[in-house]
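Chemist: Dropping a structure here in structure tokens format, bear with me for questions.
The values are calculated or read from the model by the stated rules, or taken from the named source; none is laboratory data. Keep in mind the model is a prediction, meaning the values are calculated, not measured. Positions of Cβ are backbone-derived with ideal geometry, glycine not excepted, and every protein chain shown enters the neighbour counts. Surface accessibility is based on the protein's heavy atoms, side chains included, excluding ligands, DNA and RNA. Shrake-Rupley method; radii C 1.70, N 1.55, O 1.52, S 1.80 Å.
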Amino acid sequence: MVSRSFPQLLTCFNRTAVGSAGCRRFSITPPGRATPQSNTAVERVTSPWTLMAAVCLQRLPVITADCSPIEQRFKQMMQQMELEKSLLSDHELRLMEDAERMSRKQGNEYDSDEEEGHGDQAIMLAQDLEDTWEQRFKSFQPAPRVRADLDKDLTSVQRCLADSLVLLAEQQVGAEKLWLLPQAAWQEGETLRQTAERALCSVTAAGFKATFLGNAPCGVYKYKLPKAARTESSVGTKVFFFKAILADSAPGTAPNTALLWVKKSELQKYLKPAYMMKVDRFILSL
């Protein structure tokens, strides 16, 4: 078999590939003719959008919510069913035994020898214990579920204990102050979650103790700058939201900025409509 050089084999393959619809023609460019890569390709492309991270800090309900009328009727029905199907407790059995012993003692055919080991103190012990419980119950004063003066204080984290609250901070945006979720501008070298954590610490001197729910944002909101203020390097801002649950009841020191704790139904009073539409998607009324 006659040996062929490498260029001859490529020429033969190239001719065969032209007649085949399933193959693609290719050519080999000498190393000296390769197009040099531009230095701008490896340079970092700057985004015209300013990145920010915000935290949606929620205080979960502390007490159970009041039952609706249908829930109250269902609760009473279940309690009645449980009472009818339940067995007598040890205390109820002891009361019945004491009552039976007392009735035998008052009868004409009572024999004291049958009550060995049971004196008057043993007979009255169950009843005395029940009387003690009754006195303790009468002296117990439960804390009020609704405190009108505290519920109206929007700066208190102890308001509306049966509802879930969201933290709002008054922040400077351009020439005006707006109520927003605590937010901060992203800095080089940190993740968006770290930016959100820094935003939460920036609203108080000591910082809230919160548990962040994951490393991925739960929502995003973007807005463009006015046309007069836009440049090629600055078009607008993108805000990435992170969710967190309040782990401590209140911060240790006074806040640096004005804060509000509001219910989901109260958010529309303080947030812009476009901003509210994005926030409403991931805030749950627990």
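Chemist: Filter segment 194-216 down to residues that are open to solvent by 60 Å² or more (accessible area, probe 1.4 Å) and of a type outside the set (Asp, Glu), then give me how many there are. If you could, list the steps in order and put the result at the bottom.
Modeler: Within segment 194-216, the first condition is being open to solvent by 60 Å² or more (accessible area, probe 1.4 Å), and the residues that meet it are 194, 197-198, 201, 205-206, 209, 211, 213, 215-216.
Then keep just the ones that are of a type outside the set (Asp, Glu); that gives 194, 198, 201, 205-206, 209, 211, 213, 215-216.
Residues in segment 194-216 being open to solvent by 60 Å² or more (accessible area, probe 1.4 Å) and of a type outside the set (Asp, Glu): 10 in total.
Chemist: If you go through segment 85-108 one residue at a time, how many are part of a helix (DSSP H, G or I) and closer than 24 Å to TRP133 by Cα?
Modeler: Kept after step one, since they are part of a helix (DSSP H, G or I), are these residues of segment 85-108: 85, 90-106.
Now narrow it down to the ones that are closer than 24 Å to TRP133 by Cα: 90-102.
Total satisfying the criteria: 13.
Chemist: Let me ask something else about it. Checking PRO144 against (1) surrounded by 10 or more Cβ atoms within 10 Å (Cβ to Cβ); (2) free of Cβ contacts under 8 Å to residues at least 12 places away in the same chain, only one condition comes out false. Which one?
Modeler: Condition (1) is where PRO144 drops out.
Chemist: Also, I was wondering about something else. Kindly indicate whether ASP153 is surrounded by 10 or more Cβ atoms within 10 Å (Cβ to Cβ), in a loop (DSSP other than H, G, I, E, B) and free of Cβ contacts under 8 Å to residues at least 24 places away in the same chain.
Modeler: Values: surrounded by 10 or more Cβ atoms within 10 Å (Cβ to Cβ): yes; in a loop (DSSP other than H, G, I, E, B): yes; free of Cβ contacts under 8 Å to residues at least 24 places away in the same chain: yes.
Yes.
Chemist: Can we say LEU178 is open to solvent by 30 Å² or more (accessible area, probe 1.4 Å) and part of a loop (DSSP other than H, G, I, E, B)?
Modeler: Numbers: open to solvent by 30 Å² or more (accessible area, probe 1.4 Å): yes; part of a loop (DSSP other than H, G, I, E, B): no.
It is false that LEU178 is open to solvent by 30 Å² or more (accessible area, probe 1.4 Å) and part of a loop (DSSP other than H, G, I, E, B).
Chemist: Also, quick follow-up: Scan segment 43-65 and tell me whether some residue there is open to solvent by 90 Å² or more (accessible area, probe 1.4 Å), modelled with pLDDT under 55 and either of a type in the set (Asp, Glu) or farther than 30 Å from GLN127 by Cβ (or both).
Modeler: Among the residues of segment 43-65, at least one is open to solvent by 90 Å² or more (accessible area, probe 1.4 Å), modelled with pLDDT under 55 and either of a type in the set (Asp, Glu) or farther than 30 Å from GLN127 by Cβ (or both), which makes the answer yes.
Chemist: Scan (1) open to solvent by less than 60 Å² (accessible area, probe 1.4 Å); (2) at pLDDT below 90; (3) farther than 19 Å from GLN171 by Cβ; (4) under 14 Å from the mean Cα position of the chain (by Cα) for the single condition ALA247 breaks and write down its number.
Modeler: Here ALA247 meets the rest and fails (1).
Chemist: Shifting gears a bit: Hey, PHE137 hits all of (1) modelled with pLDDT under 85; (2) among the aromatic types (Phe, Trp, Tyr); (3) in a helix (DSSP H, G or I) but one; which does it fall short on?
Modeler: (1)
Chemist: Separate question: Which count do you get for residues in segment 66-82 that are of a type in the set (D, E, K, R), loosely packed, with under 10 Cβ neighbours inside 10 Å and within 23 Å of CYS160 (Cβ to Cβ)?
Modeler: Here the count works out to 0.
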